[in-house]
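Engineer: Have a look at the structure that comes next, please.
The values are calculated or read from the model by the stated rules, or taken from the named source; none is laboratory data. The model shown is predicted, which means the values in this text are computed figures rather than measured ones. Neighbour counts are summed over all protein chains in view; Cβ atoms, including those assigned to glycine, are modelled from backbone coordinates with ideal geometry. Protein only, heavy atoms only, side chains kept; ligands, DNA and RNA dropped before computing areas. Shrake-Rupley method; radii C 1.70, N 1.55, O 1.52, S 1.80 Å.
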Amino acid sequence: MTEKDYNECVRLYADNVYRFILKNLRQEEDARDVVQSAFEKLWKNREGVEVEKSKSYLFTIAYHQMIDHLRKAKRVQLREEFREEAKVSSAPVHHLKKALEEALSRLNETQRSLVLLKDYEGYSYSEIGQITGLNESQVKVYLHRARIQLKNYLVKLENLI
């Protein structure tokens, strides 16, 4: 990959990678940091990356950077702080976007990533497998289970819109 190819890769994929990471992390600053470090790694390894595989390579790096970030954040998190899921809310969800975001937040990291890669970014099962390091069968099973969880949450009477 040449410098020109790298710049084209940034132009084509930066927004997609950022959206994917932001949907998972829900923190703009953290998402920017993860995406920046992913592009930095791509730059450092550009000589060994084929131009045709740059998108998949970039998403793979970003995904692994995001997982590392999440693991680090879990170690640093203070015990006194409450997780978002632990907060009790008496107000019903009235907006579809808010309901979907809440449903996605209830999935574990892997399931949320798979749903976003497949249904939001449009990747194939094999591409998702390459990005996440899972085989195609695992991707299908985990994605199926995630969709069942989403469906069960979204059809509960108190979550109906």
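Engineer: Using beta carbons and a limit of 8 Å, which pairs, at least six apart or on different chains, have the first residue in the stretch 146-161 and of a type in the set (S, T, N, Q) and at pLDDT 80 or above and the second one surrounded by 10 or more Cβ atoms within 10 Å (Cβ to Cβ) and not in a helix (DSSP H, G or I)?
Structural biologist: Partner pairs satisfying both residue conditions: Q149/R106; Q149/L107.
Engineer: If you don't mind, another one. Output the residue which, of all residues in the stretch 101-122 that are free of Cβ contacts under 8 Å to residues at least 40 places away in the same chain and of a type in the set (A, V, I, L, M, F, W, C), is nearest to D68 (Cα to Cα).
Structural biologist: Per the criteria, the residue is L114.
Engineer: Another question about this same structure. Can you go through L12, L58, L42 and tell me which one is modelled with pLDDT of 90 or more, assigned to a helix (DSSP H, G or I), open to solvent by 70 Å² or more (accessible area, probe 1.4 Å) and among the aliphatic types (A, V, I, L, M)?
Structural biologist: Details: L58 fails: open to solvent by 70 Å² or more (accessible area, probe 1.4 Å); L42 fails: open to solvent by 70 Å² or more (accessible area, probe 1.4 Å).
Result of the check over L12, L58, L42: L12.
Engineer: Further question: Looking at (1) farther than 18 Å from I131 by Cα; (2) assigned to a helix (DSSP H, G or I); (3) among the aliphatic types (A, V, I, L, M), which one does M1 not meet, given that it meets all the others?
Structural biologist: (2)
Engineer: What about E81, is it open to solvent by 80 Å² or more (accessible area, probe 1.4 Å) and at pLDDT 90 or above?
Structural biologist: It is false that E81 is open to solvent by 80 Å² or more (accessible area, probe 1.4 Å) and at pLDDT 90 or above.
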